[in-house]
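Take a look at the structure set out below.
Every read-out reported here was derived from the displayed coordinates using simple, explicitly stated rules and does not represent laboratory data. Every value quoted in this text rests on a predicted model; they were computed, and no experiment measured them. As a convention, Cβ positions derive from the backbone with ideal geometry for all residues, glycine included, and neighbour counts pool all protein chains shown.
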């Protein structure tokens with residue numbers, strides 16, 4: 001019976017800029033095609049970040065099982081390797097339930113990692129974690145050190161990218177291999193090794209901008225400011241998720257940098273910039289995909 005489920009299992013991906021309508025389309029598709037949903041959202045994965053992430057409410061999910069939503073707390077670490085494990089669980093559970101799977105969201109880097117694969121990373125000892133932490137006290141010095149031992153790899157990393165600099169320091173201290181040598185010896189292995197139908201929502205910029213404005217006002221009306229105040233009090237501003245769009249602007253509002261109208265405009269501007277980056281990434285990274293306006297994709301998929 002399991003073999004039958006595996007042979008009949010189908011999965012698709014729906015991508016597009018933030019506020020383009022991906023979530024509603026995925027839910028309608030899942031209802032029509034007996035599917036579970038895996039969220040490709042780097043913020044919706046956190047519990048208690050409900051309004052800022054614009055995650056669908058339990059009512060909006062319409063009884064569909066969602067993976068990748070409310071999985072961890074804001075002070076817990078998260079990276080693409082955890083997402084890959086989430087995908088494996090979503091696929092395994094869907095097959096066992098005789099369900100299909102819809103992968104949907106705006107963080108398309110995760111989808112790219114599933115298709116292209118990532119190199120396995122070693123477990124870092126506490127000794128080397130401490131060594132990295134000490135060097136990171138001066139980010140400029142940490143970057144210069146890595147650049148001096150592996151110019152070819154580090155020239156593609158920004159000197160301000162503390163996350164990747166930390167990863168490469170840990171890797172070097174643990175393995176004694178520069179990143180170029182390590183990744184050459186440990187090539188990436190794809191998690192999704194069969195063709196995956198990818199559908200991209202094409203939204204004109206002026207329409208997307210208006211959708212972003214409406215969603216931003218809705219978030220404020222729902223209590224975005226109170227949610228961020230609660231998160232800051234409970235988790236401080238240290239976790240990476242507290243630097244996300246919609247959160248960092250409210251924190252600046254708390255510091256007196258913006259009026260309420262300026263806060264709204266700042267969130268709209270930064271979200272629109274994010275949408276542009278998402279669109280550029282999707283256009284350059286996914287060669288084989290179907291790109292259509294939202295209404296056309298509804299006709300095609302639902």
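Can you put 121, 168 in order, fewest other beta carbons within 10 Å first? Can you show the working numbers first?
Details: 121 15, 168 24.
The most exposed by this proxy come first: 121, 168.
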Put in order of increasing Cβ neighbours within 10 Å, starting from the fewest, 230, 46, 288 give 288, 230, 46
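Order these peptides, 133-140, 234-241, 248-255, by their mean beta-carbon neighbour count within 10 angstrom, highest first.
248-255, 234-241, 133-140
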By how many nm would the segment from residue 196 to residue 221 grow when fully extended, if each residue of separation counts as 0.36 nm and the alpha-carbon distance is taken off? 5.2 nm
Rounded to 0.05, the calculated FRET efficiency for the beta carbons of residue 243 and residue 129 at R₀ = 22 Å is 0.55
For the chain, built as a Gaussian network whose Cα springs stay under 10 Å, the top-fluctuating residue of 87, 29, 163: 163
Residue 302 paired with residue 214, simple spin-label distance in nm, labels 7 Å along Cα-to-beta-carbon: 1.4
In cubic angstrom, how much convex hull volume per residue do the alpha carbon atoms of segment 194-242 span? 149
Could you order the peptides 71-81, 98-108 from most to least packed, using the average number of other C-beta atoms within 10 Å per residue? 98-108, 71-81
Looking at segment 226-302 from every direction and averaging, what is the projected area of its Cα convex hull in nm²? 7.7
If you build the Cα gyration tensor of segment 126-185 and take the root of 5 times each eigenvalue, what three semi-axes come out, in whole angstrom, biggest first? 16, 15, 8
Between the alpha carbon centres of segment 170-232 and segment 4-51 the gap in Å comes to 14
Spherically averaged projected area in nm², based on the convex hull that wraps the Cα atoms of segment 94-199: 9.2
Calculated FRET efficiency for the pair residue 139/residue 261, C-beta based, R₀ 25 Å, to 0.05: 0.15
Taking only Cα atoms and a 10 Å spring cutoff, compute GNM fluctuations for the chain and point out the largest among 166, 265, 85. 166
Could you work out which residue, out of 183, 109, 281, moves most in a Gaussian network model of the chain, that is, has the largest mean-square fluctuation with Cα springs under 10 Å? 183
Mean shadow area (nm²) of the C-alpha convex hull around segment 20-138 is 9.5
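Give the Rg/Rh ratio for the chain, taking Rg as the radius of gyration of the Cα atoms and Rh as the Kirkwood radius, to two decimals.
With Rg and the Kirkwood Rh in hand, the quotient comes to 0.98.
Calculate the FRET efficiency for residue 121 and residue 233 from the Cβ-Cβ distance with a Förster distance of 25 Å, rounded to the nearest 0.05.
The computed FRET efficiency comes out at 0.15.
Which of 242, 222 comes first, and how do the rest follow, when ranked by fewest Cβ neighbours within 10 Å?
222, 242
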